[in-house]
Amino acid sequence: MVSKPHKIVSFRCPNVSRHLCLTLLFLLIPKLLIANVPEPSPQDKVLTQQRIVYKKALKAYRLKQYKRFEKYTDLLQSYPLYPYLKYKSLRRNLSRTKLETVNTFLDEYSDSPVSDTLRTRLLQTLASKAQWKNYLLSYKPQKSAKLQCLYLKALYKEGFIDAAFQQVPELWLVAKSQDKACNYIFDQYESAGNVSDEMIWQRIELAIKKGRIPLAKFLAQKMSTEDQQWISLWIQSHYKPATLYNHPLLKNNHHKRYTIITHAVKRQVRKNTDEAIELLLHLENTTGIPYDNKIAIYKKIGLTLVQRHEESASAWLEKIPDTHATDEVKVWKIQDGIRHESWSEVIEHINSLSATEQTNIRWQFWWGYAHKQLGNTVESEETLKRVASRRDYYGFLAADLTDQPYRFENAPIVNNPLLAQVILNLSGIKRAREFHHFKQYAKARREWNNATNDFSDDYLLTAAKIAHSWKWYDRAISAIGKTKNLNDVEIRFPLVYKDIVDNFSNKQKIDSAWTYAIIRRESIFINDAKSSKGALGLMQIMPRTARATARSSKTRYKGKHQLIKTKQNIRLGTHYLKQLFKRHNQQTVLATAAYNAGPRNVNKWLPDDEPMDAIRWIESIPFKETREYVTNVMAYKIIYQHRMGLDSTSQLSQLMPPVFPDKNKI
């Protein structure tokens, strides 16, 4: 049955009483609008009231009005976030609460991260009281090394000594000093004669390779006087590899002699390759270096030189025999060949990759591209047309080379109402939705991730559809990204904050599709995203960069808390992007690389004398993260142009003009 369209009613106020008429109309319009709003369901009404009470409970807890807090908590036993209120109550009285009560809570809400949080606090409390039996009863596998060590202590104290000792090596043989809570079980293990010299050497090697020298020095105290001399030489050569020149200790045999030599020469490679090669030749003549150690050093020299785009790189890489050439070495040989347009070598090295690595779309593209450069039309056309069927960076480039249209293949996820209802009824999803409603996004993500962790593809796709309908775009992108079905382009590449993106992109005279591509790659639209290095917000801006950009753009900036605000983040992000664009000769590829790796690195990677095709330059970027970042952003830019109806704007290859040398290098 087709519903009738609403009748549009025109209204005219009589001139005589126009003021009175308009006043009455002003009062009447809100009532007319409210009349058209559907009546909320009984469930919605209950949820609204529960949210009000929940906020009151949090306020009471914040004000330390605990009796009032408990009263509100009791009213919310059917509310999704009730466990979080109960957690606050238990945490406050944890040392006085019966273990049975706590464990009942842990079992009842085992599907929630709040259970893990409370268990951590419980275990710490039980350990502080030396209640080891209860610790064992309450313990479940933990990521925390401290809690793991306390678990082994509990086993030991309760008489399960062998069980405790069996698990010590995994915690002891690490490259860092463990928490002091581990000292007890480590001491017992060592006192029982279980720590051999070989174990100590293994840990010393791990520590020195990670630069944890204080730990290595501490462990050295457990060794013989002779071994201490070798450890001292190892540490000295770690800081100053040249220490090994004519060092008298190297005349003696020791099972770690060549390990120390290899480590020192590799360290020197990082500082000065020429001096490392000189040291290597000297040590080969004076001490002799076993074959495997030499190959390891050749690999370090070759990979370092090729990443610095040195001409001598290929000679060192060729020293590595096929029996020792890993896919990593072969990949760098391919990249070096691409940079220098050695197309026959590119094909040869791609053919030498492992079968698994050869299936990588990147190498399929370059195999076809290399054949095209050599005039092998049949081989190149077949391969490149196959690659052109993909919706990604290499697919778009292959389409340009073979005059094929881009394959966007938008296939919306099919609605599954029954499955959607099953997911919506999950406690974890309900909790996630409530936290999302209150804009507590970190807690919301934690609940969502925990609830969807073991979902099959069907469940994940439906979950993506649900998250998208809630305008929770990052969880929708994340969910669909874990499946094999990546063809719902609208969900994977949402046009969020379009007015803001268009406004600030237009002000900076940069492409909105480019801004969207950066946001999509940097944060997948997580407003409060924070990287391990401290970058914040949608466009992942470092606070230092934000301050400098705010000064240059004469924008008011009150501090890093502003970077998680959509408008301010995009304002500063687009301005910084424009600065990089201008600094790098209005070259989108270079500016994109600089946004990820910094302008200084990009300048170091520029060609020395002759211009280079952008696709070859991208392939020679030494940082894997930056190389993949650039290819993703350029592909996303094309997809966003399509989403914005700008398909005819340009092809990907047209967005990537040749990369010119740094004028200061010429």
From the residues in the range 290-322 that are aliphatic (A, V, I, L, M) and open to solvent by 20 Å² or more (accessible area, probe 1.4 Å), which one is farthest from the chain's Cα centre (by Cα)?
-> 315
Does residue 627 fit the bill of being charged (D, E, K, R), in contact (Cβ under 8 Å) with a residue 60 or more places away in the chain and surrounded by 15 or more Cβ atoms within 10 Å (Cβ to Cβ)?
-> no
Being touching a Lys or Arg at 6+ places or on another chain (Cβ under 7 Å) and of a type in the set (Val, Ile, Thr) narrows it down to one of 306, 269, 265, so name that one.
-> 269
Say whether the condition of being under 22 Å from residue 635 (Cβ atoms), surrounded by fewer than 22 Cβ atoms within 10 Å (Cβ to Cβ) and free of Cβ contacts under 8 Å to residues at least 40 places away in the same chain is met by at least one residue in the range 368-380.
-> yes
Here are 519, 570, 526: which of them is within 15 Å of the chain's Cα centre (by Cα) and assigned to a helix (DSSP H, G or I)?
-> 519
Out of the residues in the range 131-160 that are touching a residue at least 24 places away in the same chain (Cβ under 8 Å) and surrounded by fewer than 17 Cβ atoms within 10 Å (Cβ to Cβ), which is nearest to residue 217 (Cα to Cα)?
-> 145
Among 174, 168, which is under 30 Å from residue 264 (Cα atoms), touching a residue at least 12 places away in the same chain (Cβ under 8 Å) and β-branched (Val, Ile, Thr)?
-> 174
Residues in the range 425-440 that are open to solvent by 70 Å² or more (accessible area, probe 1.4 Å) and assigned to a helix (DSSP H, G or I) total 3
Criterion: of a type in the set (S, T, N, Q) and assigned to a loop (DSSP other than H, G, I, E, B) - qualifying residue of 506, 487 = 487
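So, restricting to helices (runs of 4 or more DSSP H) that lie completely within the range 323-379, which ones have at least 2 residues that are in contact with an Asp or Glu (Cβ under 9 Å, 6 or more places away or on another chain) and of a type in the set (Phe, Trp, Tyr)?
Filter on the range 323-379 gives 361-373.
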Residue list for the range 573-623, restricted to those being assigned to a helix (DSSP H, G or I) and aliphatic (A, V, I, L, M) | 577, 580, 589, 590, 591, 593, 594, 597, 602, 614, 615, 618
Pick out, from the range 123-232, the helices (runs of 4 or more DSSP H) lying fully within it that include 2 or more residues that are closer than 30 Å to residue 105 by Cβ.
-> 132-138, 145-157, 161-166, 183-191
Please verify whether the range 384-400 includes one or more residues that are over 21 Å from residue 487 (Cβ atoms), open to solvent by 50 Å² or more (accessible area, probe 1.4 Å) and either of a type in the set (A, V, I, L, M, F, W, C) or without any contact (Cβ under 8 Å) to a residue 24 or more places away in the chain (or both).
-> no
How do the pairs read when you match residues in the range 475-489 that are among the polar types (S, T, N, Q) with residues anywhere that are open to solvent by 10 Å² or more (accessible area, probe 1.4 Å) and part of a loop (DSSP other than H, G, I, E, B), using Cβ under 6 Å and keeping only pairs 6 or more apart or on different chains?
-> 487/409; 487/411
Any hit, the range 598-618, residues being buried (at least 19 other Cβ atoms within 10 Å of the Cβ), small (Gly, Ala, Ser) and in contact with a Phe, Trp or Tyr (Cβ under 7 Å, 6 or more places away or on another chain) | no
Does the range 531-546 include one or more residues that are under 24 Å from residue 634 (Cα atoms), in a helix (DSSP H, G or I) and open to solvent by 10 Å² or more (accessible area, probe 1.4 Å)?
-> yes
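For every residue, the table says whether it meets (1) surrounded by fewer than 19 Cβ atoms within 10 Å (Cβ to Cβ); (2) aromatic (Phe, Trp, Tyr); (3) not in a helix (DSSP H, G or I).
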site: 46; (1), (2), (3): yes, no, no
site: 57; (1), (2), (3): no, no, no
site: 64; (1), (2), (3): yes, no, yes
site: 70; (1), (2), (3): yes, no, no
site: 73; (1), (2), (3): no, no, no
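The values are calculated or read from the model by the stated rules, or taken from the named source; none is laboratory data. Because the structure is a prediction, the values reported are computed rather than measured. So basically every Cβ, Gly included, is an ideal-geometry build from the backbone, and we count neighbours across all protein chains shown. Note: areas computed on protein heavy atoms with side chains; ligands, DNA, RNA excluded. Shrake-Rupley method; radii C 1.70, N 1.55, O 1.52, S 1.80 Å.
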